[in-house]
Amino acid sequence: MSWTLPGRLWRNPQNVWARRALFQIHLWAGVGAGIYILLISVSGSVIVFRNELYKSFVRPPLVVEPFGTPLTDDELKAAAKRAYPGWTIANVWRVKNPNQVVEIWLERNKNRKQRAFNPYTGADLGNPDPAGLRFVLWLVDLHDNLLYQDIGRKVNGAGAILLTVLCITGAVIWWPGIVSWRRSLVANWTGNWKRFNWGLHSALGFWSFAFVFVWAVSGIYLVFPDPFTAVIDYLQPDEAQRGLRAGDEVLRWVARLHFGRFAGWPIKTLWFLIGFAPVILFITGAIMWWNRVIIPLLAEEGQLRRKPAAEDATAVSPAEIFTGLTTPAAPSIEASPHRARASGAAHLPLVCEEGNISQLED
């Protein structure tokens, strides 16, 4: 009995070419964006508690022993220029308490520096912010701008788009068919490690999908808000109503959902924990990539070194292994087990049902 494309996707999606192509997109996009995903996920989880961390690291204002008459702003600027030649004085922050240090901000090109100076002697007392607070600020800049201001922020937006693609392709790949979909909800602890690794990736991807997808889409909005606001303006023109539009409130909630800024500690704790899900997904995905691509390539390379290519009729080309979309000839009797595995892996995606799990076993 032949099924239509929707029917095959519903019952036996593993044999649908389009799904196998999406698998390749998901596989390589995930590997390529791995370091980015690690940095954004870990930093995002930590800065969910940024306000609490700020408060814990804030220290009392720095004060000094009075010594004669306080220096004027011009004298402090001169002291700062002597300490940091080539830097421009951006601001001098002096408070009412004459014994409290004066904070001076310096700039050079696009770099900025904050230093505390003794208001009586002009001595450089170091960074006015505690190390812990500076680390939190560094994490925030890493998460928001990848430490590279406007360019980094745009790259971050592109990464959010890529993460959205990973979510969509992952959702399609996850569906194992109507018969066995329930088995993909949990990881199988009783099989071999490859089966467990795949099961963990699949199950964790399912349960964290809604969170990661919301973070990805909201990340796009935070970097590229204009398309979103254009849709709201089209659906609800400003002149059509007074006050806050429903669409504006939706966009506010997009930002709140991204950072977990609602419902207090319970949501922040949940966001913190689930924020590490993409890290685990990357690690388990990288393991699958290693087994699916690198090991067959290494095995193929070893075989080619021992046997001339002209005599090896069963060889699988690297292009076939990488694309996974061609069906190589069956391995000969003389082919090694590694060769047979490389040939099988070239045309069967790593997304397998339990009945095909032998494709993953040693």
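Details
Residues checked against (1) among the polar types (S, T, N, Q); (2) out of contact with any His (no Cβ under 9 Å at 6 or more places or on another chain); (3) at pLDDT 90 or above; (4) on the phi > 0 side of the Ramachandran plot:
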residue	(1), (2), (3), (4)
Ile267	no, yes, yes, no
Leu270	no, yes, yes, no
Met288	no, no, yes, no
Asn291	yes, yes, yes, no
Gln303	yes, no, no, no
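- Any chance Phe259 is assigned by TED's automatic domain parsing to the domain that holds Glu52, under 22 Å from Leu222 (Cα atoms), surrounded by 14 or more Cβ atoms within 10 Å (Cβ to Cβ) and not aliphatic (A, V, I, L, M): yes
- When the criteria are applied in full, Asn192 fails the requirement of being among the polar types (S, T, N, Q), surrounded by fewer than 19 Cβ atoms within 10 Å (Cβ to Cβ) and without any contact (Cβ under 8 Å) to a residue 40 or more places away in the chain.
Here's the yes/no breakdown for (1) surrounded by fewer than 14 Cβ atoms within 10 Å (Cβ to Cβ); (2) of a type in the set (S, T, N, Q); (3) assigned by TED's automatic domain parsing to the domain that holds Phe228; (4) within 26 Å of Ala29 (Cβ to Cβ):
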residue	(1), (2), (3), (4)
Phe117	no, no, no, no
Val140	no, no, yes, no
His143	no, no, yes, yes
Ala158	no, no, yes, yes
Ile173	no, no, yes, yes
Phe196	no, no, yes, yes
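- Count of the stretch 223-244 residues, restricted to those that are in a loop (DSSP other than H, G, I, E, B) and either modelled with pLDDT of 95 or more or loosely packed, with under 13 Cβ neighbours inside 10 Å (or both), is 7.
- Within the stretch 117-136, restricting attention to residues that are in a loop (DSSP other than H, G, I, E, B) and either among the hydrophobic types (A, V, I, L, M, F, W, C) or in contact with a Leu (Cβ under 9 Å, 6 or more places away or on another chain) (or both), the residue that is nearest to Val46 (Cα to Cα) is Asp129.
- Residues of the stretch 13-37 classified as surrounded by 13 or more Cβ atoms within 10 Å (Cβ to Cβ), of a type outside the set (D, E, K, R) and within 14 Å of Leu166 (Cα to Cα), total: 15
- Of all the criteria given as (1) without any contact (Cβ under 8 Å) to a residue 40 or more places away in the chain; (2) touching a Cys at 6+ places or on another chain (Cβ under 6 Å); (3) not basic (Lys, Arg), the one not satisfied by Phe213 is (1).
- Qualifying positions in the stretch 139-186 - outside any helix (DSSP H, G or I) and among the small types (Gly, Ala, Ser): Gly177, Ser180
- The test for being of a type outside the set (S, T, N, Q), surrounded by fewer than 18 Cβ atoms within 10 Å (Cβ to Cβ) and under 29 Å from the mean Cα position of the chain (by Cα) does not hold for Trp10.
- Among the candidates Lys96, Lys110, Lys81, the residue that is surrounded by fewer than 12 Cβ atoms within 10 Å (Cβ to Cβ) and free of Cβ contacts under 8 Å to residues at least 12 places away in the same chain is uniquely Lys96.
The values are calculated or read from the model by the stated rules, or taken from the named source; none is laboratory data. None of these values were measured; they are calculated from a predicted model. Note that we place each Cβ from the backbone using ideal geometry, even for glycine, and neighbour counts take in every protein chain shown.
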